[in-house]
1. When you scan the range 186-195, do you find a residue that is under 18 Å from F127 (Cα atoms), out of contact with any Pro (no Cβ under 6 Å at 6 or more places or on another chain) and open to solvent by less than 80 Å² (accessible area, probe 1.4 Å), even just one?
2. Would you call R91 modelled with pLDDT under 95, surrounded by fewer than 21 Cβ atoms within 10 Å (Cβ to Cβ) and touching a strand residue (DSSP E or B) at 6+ places or on another chain (Cβ under 8 Å)?
3. Identify, from the list L182, L175, the residue that is more than 30 Å from V55 (Cβ to Cβ) and either surrounded by 17 or more Cβ atoms within 10 Å (Cβ to Cβ) or under 16 Å from the mean Cα position of the chain (by Cα) (or both).
4. Against the condition open to solvent by less than 10 Å² (accessible area, probe 1.4 Å), over 22 Å from R228 (Cβ atoms) and at pLDDT 95 or above, how does A81 come out, does it pass?
5. Considering every residue within the range 195-216, establish whether at least one is at negative phi, free of Cβ contacts under 8 Å to residues at least 12 places away in the same chain and of a type in the set (V, I, T).
6. What pairs come up if the first residue lies in the range 139-156 and is over 14 Å from A37 (Cβ atoms), the second is at pLDDT 80 or above, and their beta carbons are under 6 Å apart, counting only those six or more places apart or on different chains?
7. Does F74 fit the bill of being closer than 20 Å to M174 by Cα, surrounded by fewer than 23 Cβ atoms within 10 Å (Cβ to Cβ) and under 15 Å from the mean Cα position of the chain (by Cα)?
Amino acid sequence: MSTFAGPVRPGAADRWIRRTGPEPAAVRLRLFCFHYAGGSPSMFRTWPPLMPQGVSVEPVLLPGRDARFREPPFDRMEPLAEAVAEALGPRLDRPYALFGYSMGAQVAFHVAHALRNSGLPQARALFVGASPGPFLQREVPAWDQSDEHLVAYLRDMGGTPQHVLDDLDLLALMLPTLRADLTTVATCPYRPRPALGMPVHAFAGQDDPSASPERMRAWQRETDAAFRLTVLPGGHFFLNDHLPAVAGAVHDRLRELTAV
């Protein structure tokens, strides 16, 4: 059972939500988006024009980055999911969906359960990418190793710009938050719970060693509604090269939802 109840603190949602564009004049559905480990809401800055009319793209800003840089990042999943769910409460005045990429997929999944456990409306759909089904054992490299190992992990994953990897001062600023994010995933045990009553659409990179298409198919176990898997060329950060395909699939599903 969720630990939060009652009125949400005034202004809580304002700290957590960073829309990447103006809110549509008539919001029919909110799309809450969760970034990868070490990332920020800026990864969704190009999404608003790719979504159907009436969909408000609302990336979630976690502590430890951007305007919340001075706030300590979470390093455990349950309190993070509870805090996000509490913050989203005032935004559930419209139907909504959840999108999470890599770490963000796990966060979105736990937030969905936290919201349901609190008796709040369920999401209309859950979109997940680049993170294997929650019940599968996950290997999270370097989360408890040296900074050197952590930087090597970033290089191997291939999603970090070279100028960032070469900037020692910038790395020193971002590594604590990255480590906390990876710790959040690495220390999150799986516990069986009732399946979510919403469709789940999973996206996989054909050559992603950590979240292969087969491992992404395991998300089907977490829903008693429809499940769909889309496989795209590329590794863990396939989204960088195939945003139109991913956003297009999300667009089509949200268009169906907003047409009802």
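1. The answer is yes, given that some residue of the range 186-195 is under 18 Å from F127 (Cα atoms), out of contact with any Pro (no Cβ under 6 Å at 6 or more places or on another chain) and open to solvent by less than 80 Å² (accessible area, probe 1.4 Å).
2. yes
3. L182 is the lone residue from the list that is more than 30 Å from V55 (Cβ to Cβ) and either surrounded by 17 or more Cβ atoms within 10 Å (Cβ to Cβ) or under 16 Å from the mean Cα position of the chain (by Cα) (or both).
4. Yes, satisfied.
5. No, the range 195-216 contains no residue that is at negative phi, free of Cβ contacts under 8 Å to residues at least 12 places away in the same chain and of a type in the set (V, I, T).
6. Short answer, once both residue conditions are applied: D147/L175.
7. yes
Per-residue answers, yes or no, for (1) farther than 18 Å from R91 by Cβ; (2) in contact with a helix residue (DSSP H, G or I) (Cβ under 8 Å, 6 or more places away or on another chain); (3) aromatic (F, W, Y); (4) open to solvent by 40 Å² or more (accessible area, probe 1.4 Å):
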position	(1), (2), (3), (4)
V107	no, yes, no, no
V128	yes, yes, no, no
V140	yes, yes, no, no
D144	yes, yes, no, yes
D147	yes, yes, no, yes
M157	yes, no, no, yes
L170	yes, yes, no, yes
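The values are calculated or read from the model by the stated rules, or taken from the named source; none is laboratory data. Since the structure is predicted, the reported quantities are computational estimates derived from the model, not experimental observations. Note that each Cβ is placed from the backbone with ideal geometry, even for glycine, and that neighbours are counted across all protein chains shown. Just the protein is used for accessible areas: all its heavy atoms, side chains included, with ligands, DNA and RNA removed. Shrake-Rupley method; radii C 1.70, N 1.55, O 1.52, S 1.80 Å.
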